[in-house]
């Protein structure tokens, strides 16, 4: 089944703008992060000669290579969110999006030091990237994974990234 979004209640279209209030305060988010499983969306971008993975410079996943993505904002359709994240994190525009599945990740670490770890459920997409690659300050470097180098890199990749790339190769 393909991922779908529904904005309909009692046969009426639900306007999304009132749902999108932006991010809550950092103090409030620390409590949410401590106590709630988060919804995230990731996009594996096909660019140049392979699939783009970015090295994280924050927790969770510090020092690991992951696809572009993050926490989905309330009231923002996932496709719109992914387009924003691609521009923010690596400067690329995306097209030909394909839903690839859903996964859940558990991390012992968290970005706030609350000691409860991080629990995320991720909607997984792939797409083609266009433009000039430019990383944001949350990522220090990137790799492009393709059929030619996958076997050499697979043991260095987080299992989530490895399985996601394998799904798309």
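Just so you know, all these numbers are worked out from the coordinates, no wet-lab data involved. What you see is a predicted model, and the numbers here were worked out from it, not measured in a lab. Quick reminder, even Gly has a Cβ in these numbers, built from the backbone with ideal geometry, and neighbours come from all protein chains shown.
Would you mind putting 133-140, 74-81 in packing order, based on average other-beta-carbon counts within 10 Å, highest first?
Values: 133-140: 13.0, 74-81: 15.5.
Sorting 133-140, 74-81 by mean packing, highest first, produces 74-81, 133-140.
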Legend entry - Estimated [θ] at 222 nm from DSSP helical runs (n ≥ 4, -39500 (n - 2.57)) normalised by residues in the chain, nearest 500: -6000 deg cm²/dmol
Inset, instruction - Report relative contact order for the chain in percent, whole number only (criteria: Cα-Cα under 8 Å, sequence separation at least 6). - result: 28
Inset, instruction - Arrange the peptides 2-15, 86-99 so that the one whose residues have, on average, the most other Cβ atoms within 10 Å appears first. - result: 86-99, 2-15
Legend entry - Full-extension gain in nm, residue 27 to residue 109, via 0.36 nm per residue minus C-alpha separation: 27.7 nm
Legend entry - 109, 40 arranged by Cβ crowding within 10 Å, fewest neighbours leading: 109, 40
Legend entry - When the chain is reduced to its Cα atoms, the Kirkwood hydrodynamic radius in Å: 16.9
Inset, instruction - State the antiparallel share, in %, of DSSP beta bridges confined to the chain, rounding to the nearest 5. - result: 75
